[in-house]
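The values are calculated or read from the model by the stated rules, or taken from the named source; none is laboratory data. Just so we're clear, the structure is a prediction, and the values are computed from it rather than from any experiment. Because the Cβ atoms are built from the backbone with ideal geometry, glycine has one as well, and the counts that use them run over all protein chains shown.
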Amino acid sequence: MKFFIDTANVEEIRKAKELKVLDGVTTNPTLISKEKRPFMEVVREILSEITDKPVSLEVASTDVKGMIREGERLAELGSNVVIKIPITEEGLKAVVHFEKKGIKTNVTLVFSPAQALLAMKAGASYISPFVGRLDDISYTGMDLIKQIKKIKDNYQFCSEIIVASVRNPIHVTESAIAGADVATIPYTVIAQLVKHPLTGIGLERFLKDWESVPEKPF
Ligand code: E4P
C-alpha cells in the first residue's frame, strides 16, 4: 500500500520524505488555509519538494467550466499534479474531460459505493473515500473501503482507492488489510505508526543492560 501524506505543510512533507516511505501528497482547501500563506507560494514549495510523485491539488469551482479552467492551470505547474475534484455531476464531467486529456484526477468527498462506482466509470485516476468522517457520524468508514474494493475488483477498474480522512494507526492497518491502493495519512499518524509502548520499554532495557557488557567493541 502506498503512503501519501495529507498536508499542505512543507516541513511535514520534508519529515515524511526522510522516513523514505512517502509515495505522494494530498491537499485540500482546509489544509491549504491552515498555512496562512498565498496559495501559489504554498503549492510551488510543495512541488519543488515533491517532483516525481503525485501531488493532489483541489479545484475550488463547483461548475465544470471553472473546474476545467482551474484544473488546467494547476496541471501546468507540474507533470505530477493530480487534479482533485469533488464527486458531483459537474465534477464527473470534469473528470471525463481530464481523462481524455491525459491529466490525472482524484475524486474526493466520496461517502458511498455508488459515488465511487460513478467516479471509477468516469475514469478517475484516484478516488478518495473518507473513513474518519463516516466514523464521526457513527458509520463504520472501513466498510466503505471494503465495498469499493469489491466493486473495483469485480470490474477491474483502474482507479486507485485512496483511503482518506485517516485519523489513527488502525485506519492505516485496516486499509492495508482491505487491499486499498493508498492511504493518505496526516503526519501525526505517520509518527504514531512507528511507536509501540513495548518497543520503548524494550529499548530502554537493552540500553541499560548494554552498559554492563564488558569490553564492548563499539
Ligand atoms: C483527503 O484527500 C482529504 O483531504 C482528507 O483526508 C480529509 O481528512 P479530514 O476528514 O480529517 O479533514
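Among the residues of the stretch 114-136, is any touching a residue at least 60 places away in the same chain (Cβ under 8 Å) and either under 18 Å from P86 (Cα atoms) or loosely packed, with under 12 Cβ neighbours inside 10 Å (or both)? Outline the logic, then answer.
Our first condition is that a residue be touching a residue at least 60 places away in the same chain (Cβ under 8 Å); within the stretch 114-136, this holds for 126, 128.
This time we only want the ones that are either under 18 Å from P86 (Cα atoms) or loosely packed, with under 12 Cβ neighbours inside 10 Å (or both), so: 126, 128.
Yes, because at least one residue in the stretch 114-136 is touching a residue at least 60 places away in the same chain (Cβ under 8 Å) and either under 18 Å from P86 (Cα atoms) or loosely packed, with under 12 Cβ neighbours inside 10 Å (or both).
Could you please let me know if K34 is surrounded by fewer than 18 Cβ atoms within 10 Å (Cβ to Cβ), within 13 Å of the ligand (Cβ to nearest atom) and touching a residue at least 12 places away in the same chain (Cβ under 8 Å)?
Yes.
Filter the stretch 2-31 down to residues that are within 17 Å of I162 (Cβ to Cβ), in contact with a Lys or Arg (Cβ under 8 Å, 6 or more places away or on another chain) and either more than 9 Å from the ligand (Cβ to nearest atom) or free of Cβ contacts under 8 Å to residues at least 12 places away in the same chain (or both), then give me how many there are.
Count: 5.
Given the stretch 17-76, what helices (runs of 4 or more DSSP H) lie entirely inside it while holding 1 or more residues that are of a type in the set (V, I, T), at pLDDT 95 or above and within 17 Å of E99 (Cα to Cα)? Give the steps one after another, and end with the answer.
Numbers: elements: 29-34, 39-49, 64-75.
In the stretch 17-76, 64-75 are the helices (runs of 4 or more DSSP H) which contain 1 or more residues that are of a type in the set (V, I, T), at pLDDT 95 or above and within 17 Å of E99 (Cα to Cα).
In the stretch 95-124, how many residues are under 16 Å from I68 (Cβ atoms) and under 17 Å from the mean Cα position of the chain (by Cα)? Talk me through it step by step, then tell me what you get.
Step one: of the stretch 95-124, the residues under 16 Å from I68 (Cβ atoms) are 95-107, 122-124.
So of that shortlist, the ones also under 17 Å from the mean Cα position of the chain (by Cα) come out as 104-107, 124.
The qualifying residues number 5.
Considering each residue of the stretch 82-112, count those that are under 16 Å from R133 (Cβ atoms) and either assigned to a helix (DSSP H, G or I) or among the β-branched types (V, I, T) (or both), and give that number.
So the count comes out to 4.
For the stretch 145-165, give me the residue count where each residue is surrounded by 21 or more Cβ atoms within 10 Å (Cβ to Cβ) and out of contact with any helix residue (DSSP H, G or I) (no Cβ under 6 Å at 6 or more places or on another chain).
Number of matching residues: 3.
Cβ-Cβ under 8 Å, sequence separation 6+ or interchain: first residue in the stretch 137-163 and touching a residue at least 12 places away in the same chain (Cβ under 8 Å), partner surrounded by 12 or more Cβ atoms within 10 Å (Cβ to Cβ) and among the acidic types (D, E). Which pairs?
G141/D135; M142/E174; I145/E174; E160/D181; I161/D181; I162/D181
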